[in-house]
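As structure tokens, the structure follows; a few thoughts come after it.
The values are calculated or read from the model by the stated rules, or taken from the named source; none is laboratory data. For clarity, every value in this text was computed on a predicted model and none was experimentally measured. So basically every Cβ, Gly included, is an ideal-geometry build from the backbone, and we count neighbours across all protein chains shown.
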Amino acid sequence: MNGIPRRSDQGEEALPETAAAERQQNSPWTPSSATPIAATRSRAGDSREAPSQGRAVVLADLNAYYGKAHAIKGVGLDYAANQVTAMIGPSGCGKSTLVRCINRMHEEIPGAYTTGSIMLDDQDIYGENVDVVAVRRAVGMVFQKPNPFPTMSIFDNVAAGLRLTGGRRGGKRENIKDRVERSLRGAGLWEEVKDRLSEPGIGLSGGQQQRLCIARTIAVEPEVILMDEPCSALDPIATLKVEELIDELKTRYTIVIVTHNMQQAARVADTTAFMLAGELVEVGPTERIFTKPSDSRTEDYVSGKFG
Amino acid sequence: MSARSLTLTSARRRRTDVVARWVLAVATVLALVPLVLVVYYVVNKGASAWNTQFFTKDPTGNSTGFGDEGGLKSAILGTIEIVAIASAIAIPIGIAVALWLTEYHRGGWLGNVVRYFIDVMTGVPAIVFGIFVYLLLVIGQPPASAYAGWKGAIALALLMLPIVARSAEVVLLLVPESLREAALALGAPRWKVIMRIVLPAALPGLLTGSLLAIARAAGETAPLLFTIAVTSGTTFDPGQRMNSLPTQIFNNLNSSSDPGLISRAWGGALVLLAMIFVLNIFARLVSRRSPAIR
Ligand SMILES: Nc1ncnc2c1ncn2[C@@H]1O[C@H](COP(=O)(O)OP(=O)(O)O)[C@@H](O)[C@H]1O
Ligand SMILES: [Mg+2]
């Protein structure tokens, strides 16, 4: 498997429904096996109960390319389930590229491809017969700039993931309503928006928009959430709220957060990984990375000598 | 000392600023004068031709004093129908081409070739499309000289296509990449991202571009002269010869210098102007209501 370039294949997604359905049956990556829909229905309405568990993610010899440019160089890394792992490193070192490999967004860029493997529990997300849609439902992503859908209301933004991906699964209205409420509660936004669910999502403040995007992500019930500098466009108070939220979310999800803010990494992350020029330099418990790193480059970075 | 030189400089700057402002104002007025004159003349001369029979009767071609003067009914209805058919062809295809360029072939060499081709097509004179359709569909096909409304619509569609495609591409490129990414990251397949996210976000702009293309096509004479021929009667059958405002105006002015015919030509020009005005207002209203792209 290693060494074989996989190019993005848009044709794959354009397959007719039947073929896609067939493929899903063959693949362990059916949405129903990843997140049991029956269990979801029975839980509908109660928002506090922890519905899903995070899953471990293991990168092995991961390489990512933009055409000829080699952006990620043979990274091996374990993300423990239900833990927050921070990715730190100077700008351009490949943090975003790395996390975008974990939900196969990297391959959306023309000419971009990866080699190596990423295991989600015991399944390789780059394996054959894997449905990229199922991977992205299992591995959600929150972006640097809040990006709610501008034509949609607050409600529709949260429901978007269900409607954009689910045929039958999008399901009954009642079910969607419950899920939207549960997701907004999960993102700590419900109390602020419950009376104006039909107003446009872009009418919210930046911090609220980012939590709306988090709600949109958890609405599809992923097991892993990737966050690429989720607070860098937010003010300190909104940042604090998102950080508190991350702390809550880790009981249900495995979280990978990219940050250029080392205080943030120290505040939210159990584990911290330091990258430099596409390579993983060091990974370990956050405490240790910031107090006694074993690599001198890590020490230089965390002590502010460069970056 | 320094205070004095400061005042001097700023006084000179202010003068320059005043001069620049006047130059620009004069240039603007110069540009507006002919425009205002055209509108003034068309409204002034056209309005006097408007009466009930102008809208309810077909043209007769009669000069003043020689029987029934008729109206422009067939021309107005013909223009609406032909432009509607042309739009039904050009707008979906144009937007599809733009989607292909922005969503699937951004930056690729094939995309660049297509884009270049569209640019060239935008510059092709309208009469060329008329001749093209004339050669290919009118005389190139038995029965000979089969003029028909739909052939005119094709000529207009060819004219509209590059305008729609180019304006749609610009608008689609304005849809932030972050929205596509957000939808893809939720697991949506590309086609659903296009249908549910990209197109709705771009809708106001797409409408504006399409309406501009319609306005442009509605007034074109040359592509129609060779394709729908000239006829006076009203028909809704696009397989028949059809009348249209531009060809009727052309015909009126061409056939005699009778003041009645010329007056009705002005009246027809005013109808065209009014149609385009209404379309533009509509386009404006639509794009103002857009929440999408800022
Ligand atoms: N779309 C792209 N096309 C080509 N190269 C890219 C692209 N995005 C990022 N890169 C390159 O990949 C490397 C890693 O970038 P990135 O993952 O964005 O770094 P970080 O998130 O750590 O700042 C950089 O050298 C950058 O120039
Ligand atoms: Mg980045």
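Before moving on, here are some points about what is shown:
- When the range A:133-150 is filtered for residues that are part of a helix (DSSP H, G or I) and closer than 14 Å to A:Leu164 by Cα, the ones remaining, listed by number, are A:Val133, A:Ala134, A:Arg136, A:Arg137.
- Out of A:Ile118, A:Ile72, one residue alone is more than 11 Å from ligand 1 (Cβ to nearest atom), among the aliphatic types (A, V, I, L, M), over 27 Å from B:Arg196 (Cβ atoms) and in a strand (DSSP E or B). It is A:Ile118.
- The sole residue among A:Ala134, A:Ala187 that is at the interface with another protein chain (Cβ under 10 Å from one of its Cβ atoms) and aliphatic (A, V, I, L, M) is A:Ala134.
- Looking only at residues in the range A:200-216 that are of a type in the set (Gly, Ala, Ser) and within 11 Å of another protein chain (Cβ to nearest Cβ), the one that is nearest to ligand 1 (Cβ to nearest atom) is A:Gly201.
- Applying a threshold of 7 Å to beta carbon distances and a minimum spacing of six or more residues, or different chains, the list of pairs starting in the range A:82-99 at a residue that is under 18 Å from A:Glu299 (Cβ atoms) and ending at one that is within 6 Å of ligand 1 (Cβ to nearest atom) reads A:Met87/A:Lys95; A:Gly89/A:Lys95.
- Looking only at the range A:151-184, and only at residues there that are outside any helix (DSSP H, G or I) and modelled with pLDDT under 90, the one that is farthest from the other protein chains (Cβ to nearest Cβ): A:Lys172
- Selection of the range A:272-307 for residues being loosely packed, with under 13 Cβ neighbours inside 10 Å and in contact (Cβ under 8 Å) with a residue 24 or more places away in the chain yields only A:Phe306.
- Count of residues meeting criterion [among the basic types (Lys, Arg) and within 16 Å of ligand 1 (Cβ to nearest atom)] in the range A:121-165: 1
- Close pairs from the range B:107-124: first closer than 17 Å to B:Ala168 by Cβ, partner outside any helix (DSSP H, G or I) and modelled with pLDDT under 90, Cβ under 8 Å, at least 6 apart: B:Gly111/B:His105; B:Val114/B:His105
- The residue of the range A:217-235 that is nearest to the other protein chains (Cβ to nearest Cβ), among those that are part of a loop (DSSP other than H, G, I, E, B) and within 16 Å of ligand 1 (Cβ to nearest atom), is A:Ala233.
- Under the condition of being in a loop (DSSP other than H, G, I, E, B), closer than 13 Å to B:Ser244 by Cα and of a type in the set (A, V, I, L, M, F, W, C), the residues counted in the range B:64-86 number 1.
- Any chance A:Arg100 is among the basic types (Lys, Arg), surrounded by 20 or more Cβ atoms within 10 Å (Cβ to Cβ) and farther than 19 Å from A:Leu249 by Cβ: yes
- Within the range A:66-80, the set of residues being more than 16 Å from ligand 2 (Cβ to nearest atom) and more than 20 Å from the chain's Cα centre (by Cα) comprises A:Gly67, A:Lys68, A:His70, A:Lys73, A:Gly74.
- Number of the condition not met by A:Gln144 [criteria: (1) surrounded by 21 or more Cβ atoms within 10 Å (Cβ to Cβ); (2) within 11 Å of chain B (Cβ to nearest Cβ); (3) modelled with pLDDT of 90 or more]: (1)
- So A:Val242, is it away from ligand 2 (no atom under 16 Å from the Cβ) and touching a Gly at 6+ places or on another chain (Cβ under 9 Å): yes
- Residue within the range A:213-233 that is surrounded by fewer than 19 Cβ atoms within 10 Å (Cβ to Cβ) and over 18 Å from the mean Cα position of the chain (by Cα) present: no
Residues are listed down the side, and each one gets a yes or a no for (1) within 15 Å of ligand 1 (Cβ to nearest atom); (2) more than 16 Å from the chain's Cα centre (by Cα); (3) not in a strand (DSSP E or B):
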residue	(1), (2), (3)
A:Asn82	no, no, yes
A:Pro90	yes, yes, yes
A:Leu98	yes, no, yes
A:Cys101	yes, no, yes
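- Members of the range A:258-272 found to be modelled with pLDDT of 90 or more and either within 14 Å of chain B (Cβ to nearest Cβ) or within 12 Å of ligand 1 (Cβ to nearest atom) (or both), listed by number: A:Val258, A:Thr259
- Residue list for the range A:254-307, filter: part of a helix (DSSP H, G or I), of a type in the set (Ser, Thr, Tyr) and over 15 Å from A:Ser91 (Cβ atoms): A:Thr286, A:Thr291, A:Ser296, A:Thr298
- Some residue of the range B:142-154 being out of contact with any strand residue (DSSP E or B) (no Cβ under 7 Å at 6 or more places or on another chain), surrounded by fewer than 21 Cβ atoms within 10 Å (Cβ to Cβ) and at pLDDT 90 or above: no
- Of the residues screened, A:Ala269 is one that is small (Gly, Ala, Ser) and crowded, with 17+ Cβ neighbours inside 10 Å.
Listed here are the residues, each with its yes/no results for (1) closer than 23 Å to A:Cys101 by Cα; (2) away from ligand 1 (no atom under 16 Å from the Cβ); (3) away from every other protein chain (no Cβ under 14 Å).
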residue: A:Ile237; (1), (2), (3): no, yes, yes
residue: A:Glu248; (1), (2), (3): no, yes, yes
residue: A:Ile255; (1), (2), (3): yes, yes, yes
residue: A:Met275; (1), (2), (3): yes, no, yes
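- The residue that is farthest from the other protein chains (Cβ to nearest Cβ), among those in the range A:93-113 that are more than 13 Å from ligand 2 (Cβ to nearest atom) and small (Gly, Ala, Ser), is A:Ala112.
- When every residue of the range B:231-239 is checked against the conditions, at least one turns out to be surrounded by 21 or more Cβ atoms within 10 Å (Cβ to Cβ) and within 30 Å of B:Asn254 (Cα to Cα).
- B:Gly61 falls short on exactly one of the conditions (1) over 28 Å from B:Trp150 (Cα atoms); (2) among the small types (Gly, Ala, Ser); (3) outside any helix (DSSP H, G or I), and that condition is (1).
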